[in-house]
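For reference, the structure discussed in these notes is given below.
The values are calculated or read from the model by the stated rules, or taken from the named source; none is laboratory data. Remember, it's a predicted structure, so these values are computed and weren't measured experimentally. Neighbour counts run over all protein chains shown; Cβ positions are idealised from the backbone, glycine included. In case anyone asks, the SASA skips ligands and DNA or RNA and just uses the protein heavy atoms, side chains included. Shrake-Rupley method; radii C 1.70, N 1.55, O 1.52, S 1.80 Å.
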Amino acid sequence: MVLTGAEIVIRCLQEEKVDYLFGYPGGSVLYIYDELSKQDKIRHVLVRHEQAAVHAADGYARSTEKVGVALVTSGPGVTNAVTGIATAYMDSIPVVIISGQVPSAVIGQDAFQEVDTVGITRPCVKHNFLVKNAADIASTIKKAFYLAKTGRPGPVVVDIPKDVSAQKCEYDGYPKTIAMRSYNPTVKGHQGQIRKALGLLLEARRPMIYIGGGVVLADAAEKLTKLARLLGFPVTNTLMGLGGFPGTDRLNLGMLGMHGTFEANMSMHYCDVLLAVGTRFDDRVIGSPEHFAQEPRKIIHIDIDPSSISKRVRVDVPIVGNLADVLDDMLKMLESSGDRSDPAALEPWWKQIEEWRGRQCLNYKFSEEVVKPQHVVETLWKVTQGDAFVASDVGQHQMWAAQYYKFDKPRRWVNSGGLGTMGFGLPAAMGIQLAHPGAPVAVITGEGSIQMCIQELSTCKQYRLPIKVLSLNNGYLGMVRQWQEFFHGNRYSESYMSSLPNFAKLAEAYGHVGIHVDKPGDVEGAIREAFARKNELVFLDFQVDPTENVFPMVQGGKGLTEMILSAEDL
């Protein structure tokens, strides 16, 4: 049959079973939007800014096993989307972004709303395409989805000139399979390396399992949990790995790294065998590689991406493969051999860990006078019984959310880890809520972050998204203020947020429910009221202690054992 490029785009998205398309129309994508209006299989969500379109697609992808999809126009449509694309790239999230481009004949002539989309996005995508012929659209979109969700996931951009979307051509149907000679990710791990890894693990006397976001993305949490419990080893999660192993399990030592727990950081540093699963030893996790290398240990590293192995830390047993497959092979080898770790041999290690745990590094001073941000997060966990989807923005509130909300399930914690994007939380929560209608969805944010994409309260109203927004409002760019207090002589240069709006009334202006909370005794009641309003978005503006800091803390460039546990350590 003969179809236009725009018709082919919509047919392809239908074949990929895309149910939500997050976007914003503009001149170069009008043919595609025209075809969208003629069908009802794909629901379009009209955001108020293209950055939010990609964040929403990102949140949708993180909370499901699907690829998120966004549609933006050329020029500023693409440049507005770049922050969302880079956010997804840093956290390895499968998103396909379809962008319009100016007509082929004027590309390179500084046409109205023209930018070099391929060039601009090249550093922050897994791959990108410029489609020059309508006949190539189907195969290109098939490649885009395949690339986005296989191997190490990531965002893929498909740039389509306006004339190509109007061009007619023969359409032979959507490809069933795709073959890319230069792209063949390794799935099965090397069996010899897996046996070698198991040998090291079973001989370990101070073992540690260190898991990252790869465990969540590979849907390997269940197998990882089974392995950890079978071995009886302590587990720590990165910021992105929260939920990859149950947060309330006795084996879980909590998050590690810059704002990790004392017991997790100390165990990570002093273990003799480390099993790293789906993680990359980044600067926020191990601090200084030189300091980390001071203690002798054997490191086993499992990852789908070979370029992440031995990138920052030398690894003894590298295993490249899909985490779920590698962990499955490990479990089968353990079960068939009958070999197990010796609990008695691990007893001194656990005794040491419990001693570190006894420091209770996450304790804070509750106040009857001022709302403590930690108390808000703890109360959210209590009210939702740990079963909510929680999206966060970036800053102090993000760290408190990671520390005090115990995630027992994967894909419930959605935040910008690698890029640290303020404004991510609310649009990401829109994608989550659409993917999980009826589920409790909360955004933990601050008065700085929420204003980055606050216009999306309008989108939430249009699509009746009953998200609960918890703003920990301390009147500062909190993490910036914390660093200025610790390391810049209390010189609070441009970190104070003056002229703030009344957020409760602003939420009401958008047609939502706004609640102002400034008394500790009102925190639980307000959160319970918010979640009782099942069909309404509720904005909870908590006036929290402006002097509160995030502890523990490891200063940039320092080692894991050089923690600041309280103000007294400064």
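May I ask you to list the aspartates and glutamates whose Cα is less than 12 Å away from that of residue 519, ignoring any residue fewer than eight positions away on the same chain?
Reachable aspartates and glutamates: 368, 369, 541, 545.
Show 365, 505 ordered by accessible area, largest first, where the area counts protein heavy atoms only and the probe is 1.4 Å.
Listed by decreasing accessible area, they come as 365, 505.
For the stretch 68-82 and the stretch 499-570, write down the distance between their C-alpha centroids in whole Å.
31
Ratio of alpha-carbon Rg to the 2.2 N^0.38 Å globular estimate for the stretch 183-303, to two decimals, please.
Computed over Cα atoms of the stretch 183-303, the ratio equals 1.00.
Using a 1.4 Å probe and counting only protein heavy atoms, arrange 409, 332 so the residue with the most accessible area comes first.
Details: 409 90, 332 115 Å².
Result, largest first: 332, 409.
Within the stretch 314-345, find all residues whose amide N lies under 20 Å from a label point positioned 7 Å from the Cα of residue 250 along Cα-to-beta-carbon.
340-345
Provide, as a two-decimal number, the C-alpha radius of gyration of the stretch 404-452 over 2.2 N^0.38 Å, N being how many residues it has.
1.18
Summing -39500 (n - 2.57) over the DSSP H runs of n ≥ 4 in the chain and dividing by its residue number, what mean residue ellipticity at 222 nm do you reach, to the nearest 500 deg cm²/dmol?
Helix-only estimate at 222 nm: -10500 deg cm²/dmol.
In whole Å, what are the Cα extents of the stretch 380-437 along the three principal axes, biggest one first?
On the principal axes, the stretch 380-437 reaches 29, 26, 17 Å in Cα extent.
Show me 272-278, 303-309, 382-388 ranked by packing, highest mean number of other Cβ atoms within 10 Å first.
Highest mean packing first, the order is 272-278, 303-309, 382-388.
If packing is taken as the average number of other Cβ atoms within 10 Å across a peptide's residues, how do 175-188, 20-33, 411-424 rank, most packed first? Numbers along the way, then the final one.
Details: 175-188: 10.8, 20-33: 22.6, 411-424: 24.1.
Highest-to-lowest ranking by the protection proxy: 411-424, 20-33, 175-188.
Could you give the length gained on full extension between residue 314 and residue 355, defined as 0.36 nm per residue of separation minus the Cα-Cα distance, in nm?
11.8 nm
Cross-link partners among lysines for residue 142, C-alpha distance below 17 Å, same-chain residues fewer than 8 apart left out?
Output for residue 142: 17, 66, 126, 132, 176.
Ranked from highest to lowest mean number of other Cβ atoms within 10 Å per residue, what is the order of the peptides 316-329, 516-529?
Ranking the peptides 316-329, 516-529 by packing returns 316-329, 516-529.
Please report the antiparallel percentage of DSSP beta bridges with both residues in the chain, rounded to the nearest 5.
10
Would you kindly state how much longer the chain becomes between residue 288 and residue 535 on full extension, computed as 0.36 nm times their sequence separation minus their alpha carbon distance, in nm to one decimal?
Full extension of this stretch gives 84.2 nm more.
Specify whether the C-alpha gyration tensor of the chain places it in the rounded, prolate or oblate class, a ≥ b ≥ c being the square roots of the eigenvalues: rounded for a/c under 1.5, otherwise prolate if a/b is larger than b/c and oblate if not. Numbers along the way, then the final one.
Values: a/c = 1.95, a/b = 1.22, b/c = 1.59.
Oblate is the answer for the chain, as a/c is 1.5 or above yet b/c matches or exceeds a/b.
Determine the sum of side-chain charges near residue 453: Lys and Arg each +1, Asp and Glu each -1, restricted to other residues whose C-beta is under 13 angstrom from that of residue 453.
Details: positive: 48; negative: 50, 58, 393, 456.
Neighbour charge sum, excluding residue 453 itself: -3.
Just to verify a number: what accessible area does residue 488 come out at with the full protein assembly present, 1.4 Å probe, Å² rounded to tens?
Per-residue accessible area (residue 488): approximately 90 Å².
Heavy atoms of the protein only, probe of 1.4 Å, neighbouring chains included. What is the accessible area of residue 284 in Å², nearest 10?
It works out to around 140 Å².
Give the Cα extents of the stretch 128-170 along the principal axes, in whole Å, largest first.
Over the stretch 128-170, Cα extents along the principal axes are 35, 18, 10 Å.
Label residue 499 and residue 105 with points 7 Å out from Cα along Cα→Cβ: what is the distance between them in nm?
4.8
Within a Cβ distance under 14 Å of residue 262, other residues only, what is the Lys/Arg minus Asp/Glu net charge?
Its environment carries a net charge of -3.
Given the stretch 463-570 reduced to its alpha-carbon atoms as identical point scatterers, what log10 I(q)/I(0) does the Debye formula return at q = 0.12, 0.23, 0.24 Å⁻¹?
Here log10 of I(q) over I(0) equals -0.57, -1.16, -1.22.
Mind jotting down the distance between the C-alpha centroids of the stretch 124-179 and the stretch 226-278, whole Å?
Going from one Cα centre to the other spans 39 Å.
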